[in-house]
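The values are calculated or read from the model by the stated rules, or taken from the named source; none is laboratory data. A quick note: this is a predicted structure, and the numbers were derived from the prediction, not measured. Here the Cβ is made from the backbone with ideal geometry for all residues, glycine too, and neighbour counts use every protein chain on show.
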Amino acid sequence: MSENVEQVRCLIIGSGPAGYTAAIYAARADLKPVIYQGMQPGGQLTITTEVENFPGYPKGITGPEMMEEFKQQAERFGTEIRFGVVTEVDFSTHPFIVKADDGKTIAAETVIIATGASARWLGLESEKKLMGMGVSGCATCDGFFYRGQDVAIVGGGDTAAEEATYLAKLCRKVYMIHRRDELRASKAMQHKVLNTSNIEMVWNSVPEEVLGDDSGVTGVRVRDVKTGTSRDLSVTGFFVAIGHKPNTEIFEGQLELDDQHYVITKPGTTQTNVPGVFAAGDVQDHHYRQAITAAGTGCMAAIEAERFLAS
């Protein structure tokens with residue numbers, strides 16, 4: 001191995017709940033893990049204001065604060081945390097060869113992928129501005145804050161339908177905005193949505209602007225795609241449910257991915273199709289997408305990496 005290649009026993013790519021939990025376990029097992037934090041250090045939780053459903057925080061905590069605590073805990077046990085992005089991987093050889101944007105080339109005996117998934121957004125300026133102030137990409141995470149209020153959700157697939165029915169249990173009214181005149185969701189989910197009395201369908205419509213001020217979201221302006229006319233809906237919460245995109249571009253051709261580009265892991269494990277490469281968190285989970293489940297798979301990945309090295 002050439003001198004300028006760094007030897008690492010356990011390399012973790014990504015730094016959300018999965019990456020940091022993997023680091024805590026790997027560091028305690030004396031694997032001397034190195035983490036590359038990626039484009040969004042702390043992952044999606046850093047754009048979440050309040051986290052109230054993670055055990056151990058009875059008063060709740062903000063997403064950024066929580067990720068800072070995870071990071072400090074990982075560092076306390078000796079994890080080396082690097083600000084930077086992994087740009088290239090070669091899993092066809094062992095140790096695995098990984099390149100990062102800090103110019104380093106690493107030979108890693110094990111790799112834990114925790115690059116997460118990014119919520120797809122509409123791309124509106126107002127959406128960006130009011131992010132965390134009423135604009136959310138996760139009804140399960142944030143719906144509780146809108147108890148008894150009117151909210152809107154945009155999307156037409158199973159996730160949107162699921163989140164709309166979840167919100168309907170908490171909120172007074174849910175406007176479901178969809179650009180077509182029928183839902184893409186499965187028949188069972190469609191039936192559920194259309195038979196929930198406080199969900200009002202806003203068909204053939206697209207959000208033009210999220211309305212709000214310093215206090216947060218106050219409404220959403222929607223345009224009818226058939227007539228071209230616009231109207232304002234008065235809401236305090238605006239949920240975007242148009243899908244997630246796993247951050248797996250650099251693993252294309254290196255690992256088995258499913259048709260939505262999520263990393264495929266062996267059931268009940270975090271093992272990928274390449275022995276010694278593990279995947280944890282939202283990069284391999286499009287079902288639960290919660291901080292607690294991501295942390296759980298981070299723990300699994302570190303234990304499996306330790307066992308792989310021992311064998």
Which residues, taken from the range 177-188, are more than 26 Å from the chain's Cα centre (by Cα) and either closer than 11 Å to Gly156 by Cβ or part of a loop (DSSP other than H, G, I, E, B) (or both)?
-> Arg180, Asp181, Glu182
Of Val235, Val277, which residue is under 23 Å from Glu52 (Cβ atoms) and either assigned by TED's automatic domain parsing to the domain that holds Phe96 or more than 23 Å from the chain's Cα centre (by Cα) (or both)?
-> Val235
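Residues checked against (1) out of contact with any Ser or Thr (no Cβ under 6 Å at 6 or more places or on another chain); (2) outside the structural domain of Met131 (by TED's automatic domain parsing); (3) part of a loop (DSSP other than H, G, I, E, B); (4) crowded, with 18+ Cβ neighbours inside 10 Å:
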site	(1), (2), (3), (4)
Leu11	yes, yes, no, yes
Gly19	yes, yes, no, yes
Pro41	no, yes, yes, yes
Leu45	yes, yes, no, yes
Met66	yes, yes, no, yes
Glu75	yes, yes, no, no
Val89	yes, yes, no, yes
Gly103	yes, yes, yes, no
Among the residues of the range 194-221, count how many are outside any loop (DSSP other than H, G, I, E, B) and either outside the structural domain of Val135 (by TED's automatic domain parsing) or of a type in the set (Gly, Ala, Ser) (or both).
-> 4
Pick out the one residue from Glu163, Glu125 that is closer than 13 Å to Phe238 by Cα and among the acidic types (Asp, Glu).
-> Glu163
Please tell me if Asp282 is in contact with a His (Cβ under 9 Å, 6 or more places away or on another chain) and surrounded by 20 or more Cβ atoms within 10 Å (Cβ to Cβ).
-> yes
State yes or no: is His191 free of Cβ contacts under 8 Å to residues at least 24 places away in the same chain and in a loop (DSSP other than H, G, I, E, B)?
-> no
Report whether or not Ala291 is modelled with pLDDT under 95 and within 17 Å of Gly19 (Cβ to Cβ).
-> yes
Of the residues that sit in the range 184-230 and are of a type in the set (A, V, I, L, M, F, W, C) and modelled with pLDDT under 95, which one is surrounded by the fewest Cβ atoms within 10 Å (Cβ to Cβ)?
-> Ala188
Looking at the range 137-144, is at least one residue more than 18 Å from the chain's Cα centre (by Cα) and either among the aliphatic types (A, V, I, L, M) or farther than 27 Å from Glu182 by Cβ (or both)?
-> yes
